[in-house]
1. Which entry in [x] 33, 16, 15; [y] 34, 22, 15; [z] 60, 13, 10 is this structure's computed semi-axes √(5λ) of the Cα gyration tensor in Å?
2. Run lengths n ≥ 4 of DSSP H only: what is the helix-derived mean residue ellipticity at 222 nm for the chain, with -39500 (n - 2.57) per run over all residues, to the nearest 500?
3. With a 10 Å cut-off between alpha carbons and a GNM built on the chain, which of 52, 118, 97 moves the most?
4. Cut-off is 10 Å between beta-carbons; in what order do 103, 91, 98 appear when sorted fewest neighbours first?
5. Please identify which residues in segment 15-43 have an amide N closer than 17 Å to a label point set 7 Å out from the Cα of residue 52, following the Cα→Cβ vector.
6. Could you give the length gained on full extension between residue 174 and residue 101, defined as 0.36 nm per residue of separation minus the Cα-Cα distance, in nm?
7. What ranking of 124, 85 emerges when the number of other C-beta atoms within 10 Å of each C-beta is taken as an exposure proxy, fewest first?
8. Based only on other Cβ atoms within 10 Å, what is the fewest-to-most ordering of 47, 93?
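Values in this text are rule-based calculations from the coordinates and carry no lab data. The model shown is predicted, which means the values in this text are computed figures rather than measured ones. Cβ sites come from the backbone with ideal geometry, for glycine too, and all protein chains shown count toward neighbours.
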């Protein structure tokens, strides 16, 4: 993997892991019935009632677990397909922001994911610019003089295919290299 791309991957992955750990902590809190003296949410439990509190607890546990797994998977896709880093960066930011519904990985995970996604988007612009410049085909004209008449051969500089007319070469470049 390119060293310039490792920061966005590491930050996004670390954010996803923190969000997942937050979801696991929520799950443990849901499953284990802690005594009221140990439970920091005792006041909220008393105000809302046991049934409403359990429902709330289940919802943010599911949100934390699912958004953590989603950020981790999206980070891995960012590593595997760096040419699509803008897409993965946007998804990482959205999923990290949604993780606040499940504690956001103690907020640290959410922040790391958002920073990693932002770096992916910023660096995708540099990647796109470099790719566009490297893909610009050049048109090269080669003249061959025959004893009786002048023949022109047009050659594509990107793929070395020869053409008899300027129009054929233009159609080739537009169709094969510019994707229009």
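1. Looking at semi-axes √(5λ) of the Cα gyration tensor in Å for this model, the match is [z].
2. Details: 6 runs with 113 residues, N = 180.
Using -39500 (n - 2.57) per qualifying helix, the result is -21500 deg cm²/dmol.
3. 52
4. 98, 91, 103
5. Counting only backbone N, you get 41-43.
6. Details: separation 73, 0.36 × 73 = 26.28 nm, distance 4.84 nm.
Once the chain is fully extended between residue 174 and residue 101, it gains 21.4 nm.
7. 124, 85
8. Arranged by neighbour count, lowest to highest, 47, 93 become 47, 93.
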